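Right, one structure below, let's go through it.
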Amino acid sequence: MEFPTTRLQRYRQKPQVRQLVSETSLEAHQLIQPLFVHEGLIEKRPIPALPGIYQHSFQSLMPELERLAESGVQSLLLFGVPKEKDELGSEAMAEEGVIQRTLELIRQNFPDFLLITDCCLCGYTSHGHCSLMNNKGMDHAGTLESLKSIALSHASRGADLIAPSGMIDGMVGAIRQALDAAGYSEKGIMSYSVKYASHFYGPFREAAGSKDAFKGDRKHHQLSYTQKREAIREALLDVSEGADFLMVKPALPYLDIIQQLRQTTLLPIVAYQVSGEYAMIKAAAASGMLDEHLAFEETLTSIRRAGADLIITYYAEQWCQSC
Ligand code: PBG
């Protein structure tokens, strides 16, 4: 049946009808808020490139968690900034490391949050690489051992999901084995399966304190943005190694990857709207070019429509507050 009998505008006349036929939802429980904790701070410190986002101290963490809980955000992705860095990234798995202490603090005071921890070395190594280095380059076997230790220390302090973010071959399988062997079979793995070597991570490196340590790029182990089939292979390998959630990162320039992955696997898909994506909208809004809430709502909904079940976004708390 064609026009004039069929008129799709009938679906759009009233807000109630638009809502009735809406194909894509955006809800607080689908959003994950990244949280930075810097163990060397007394007060929270703003991150200039990410307006509204802070590096928190242990003290400023508590009021922030209260605000987060009130806003309706349920899941947090934790990043730590250690006082000391060394060649081995020892603080990443230290008994009294910044994330270990943070996990304990949150578990004691706000037991209901779902806690996801970044499992990588780059924020903790003096050279800024996501791996251990030897004179030939990356020490692959050693790196996997370190990632296992980090994952176990996070699991033992109350993390729900471990999120290995270094795109190190075999990381998911190694962590799954280590968790199971230590009796943590209930802990899940949210793998950064498809992580592009992206220009859009710039502001994050400032937030995570890895900017000065690291001068190079990560093209030797992250995906090139020319690649699509290779991205799907990466994700399928993670599935076979035991990943529970697959992540695509960044989000908006990679909607085609999210969509293809949605059609290829049955696993939950997480998209990471990264620091550069957030900073762009914030900058445009600050200069009056865009309405911040509308721009975020549209991009976040597009990411959901492409096939992401969950979205990691610096705007999670603000979106929940402004609804
Ligand atoms: C590294 C890590 C990065 C991000 C999350 N985990 C940056 C990188 O690979 O350099 C980027 C997040 C963002 O830009 O918001 N472990």
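The values are calculated or read from the model by the stated rules, or taken from the named source; none is laboratory data. Given the structure is predicted, the values throughout are model-derived calculations rather than measurements. Using ideal geometry, Cβ is built from the backbone for each residue, glycine included, and neighbour counts are taken over all protein chains shown.
Key figures
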read-out	value
Close pairs (8 angstrom Cβ cut-off, 6 or more residues apart or separate chains): in a helix (DSSP H, G or I) in the range 7-22, aromatic (Phe, Trp, Tyr) anywhere	VAL17/TYR11; ARG18/TYR11
Residues that are of a type in the set (Ser, Thr, Tyr) and in a helix (DSSP H, G or I), drawn from the range 215-260	SER240, TYR254
Residue match in the range 156-170 (condition: of a type in the set (A, V, I, L, M), over 25 Å from VAL239 (Cα atoms) and in contact with a Lys or Arg (Cβ under 7 Å, 6 or more places away or on another chain))	no
Tabulated pairs, the range 209-235, first on the phi > 0 side of the Ramachandran plot and modelled with pLDDT of 85 or more, second among the aromatic types (Phe, Trp, Tyr) and surrounded by fewer than 15 Cβ atoms within 10 Å (Cβ to Cβ), C-beta under 8 angstrom, 6+ apart or interchain	none
Failed criterion for ASP118 (all others in (1) closer than 13 Å to ALA159 by Cβ; (2) without any contact (Cβ under 8 Å) to a residue 60 or more places away in the chain; (3) more than 15 Å from the ligand (Cβ to nearest atom) hold)	(3)
Some residue of the range 131-146 being in a helix (DSSP H, G or I), among the hydroxyl-bearing types (Ser, Thr, Tyr) and either more than 19 Å from the chain's Cα centre (by Cα) or within 27 Å of GLN59 (Cα to Cα) (or both)	yes
Of all residues in the range 193-207 being part of a helix (DSSP H, G or I) and either within 7 Å of the ligand (Cβ to nearest atom) or in contact with a strand residue (DSSP E or B) (Cβ under 7 Å, 6 or more places away or on another chain) (or both), the one that is farthest from CYS122 (Cα to Cα)	PHE200
Close pairs from the range 94-115: first under 16 Å from GLN74 (Cα atoms), partner of a type outside the set (A, V, I, L, M, F, W, C), Cβ under 6 Å, at least 6 apart	LEU103/ARG157; LEU103/GLY158; ARG107/GLY158; LEU114/GLN74; LEU114/SER75; LEU114/ASP160; LEU115/ASP160
